[in-house]
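The structure under discussion appears below in the form of structure tokens.
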Amino acid sequence: MASYTATILWERAESEVFSDSRFSRGHSWAFDGGVVLRASSSPHVVPRFSDPAGVDPEEAFVASLSSCHMMTFLYLAAKRGLVVNRYEDHAEGVMEKNASGRFWVSRVTLRPRIAWEGNAPEKSVIDDLHHLAHEECFIANSVRTEIRCEPVD
């Protein structure tokens, strides 16, 4: 069993009242390897008090799904003796209300563009790799969000 940690830190500025909800949503995420990221609520959710330069949880969720799919795809391609030179994904998440009226990220669409060494494998091979990557992705197996994969040629 593996364990993963992150340290999330938010502090109120002395000038902020807090009880009026007019406080900065900016905070930091620190990871065990030493990386610290600026984070914030989404400017789509809390426009006036978000830090648009920070990574918001919704973006991080989309990125983690994309990253996990990519790393699994690369592993599977390498196992088949295929060589990938570049993998770029412009992933997009959609947030909407569920049947109970609560917001959730209902769908994430991955749009990977892959550059291969030499000729690209047949489309059926690439489709199979994406299917298997989705089936084996740890993050995809952890969520109920619909995940679509629409490779770009």
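For this structure, a couple of remarks:
- The lone exception for S66 - which of (1) hydroxyl-bearing (S, T, Y); (2) at pLDDT below 95; (3) within 20 Å of A91 (Cβ to Cβ) it fails: (2)
- Residue list for region 81-134, restricted to those being in contact with a Ser or Thr (Cβ under 9 Å, 6 or more places away or on another chain), closer than 16 Å to S66 by Cβ and among the acidic types (D, E): D89, E92
- Where strands (runs of 3 or more DSSP E) fall entirely within region 1-113, those with at least 3 residues that are assigned by TED's automatic domain parsing to the domain that holds I126 and under 16 Å from A133 (Cβ atoms) are at 84-89, 103-110.
- Odd one out for R102, checked against (1) in contact with a Lys or Arg (Cβ under 9 Å, 6 or more places away or on another chain); (2) farther than 15 Å from F61 by Cβ: (1)
- Residue satisfying condition, being more than 27 Å from D127 (Cα to Cα), more than 11 Å from the chain's Cα centre (by Cα) and of a type in the set (S, T, N, Q), within set N85, N98: N98
- Checked against the criterion of being under 30 Å from R12 (Cβ atoms) and either surrounded by fewer than 10 Cβ atoms within 10 Å (Cβ to Cβ) or not small (G, A, S) (or both), the candidates F61, F73 yield just one match: F61.
- Filtered residue count, region 138-149, keeping only those that are part of a loop (DSSP other than H, G, I, E, B) and surrounded by 11 or more Cβ atoms within 10 Å (Cβ to Cβ): 4
The values are calculated or read from the model by the stated rules, or taken from the named source; none is laboratory data. On a predicted model such as this, the values are computed, not experimentally measured, just so you know. Methodologically, a virtual Cβ is constructed for each residue, glycine included, from the backbone with ideal geometry; neighbour enumeration extends over all protein chains shown.
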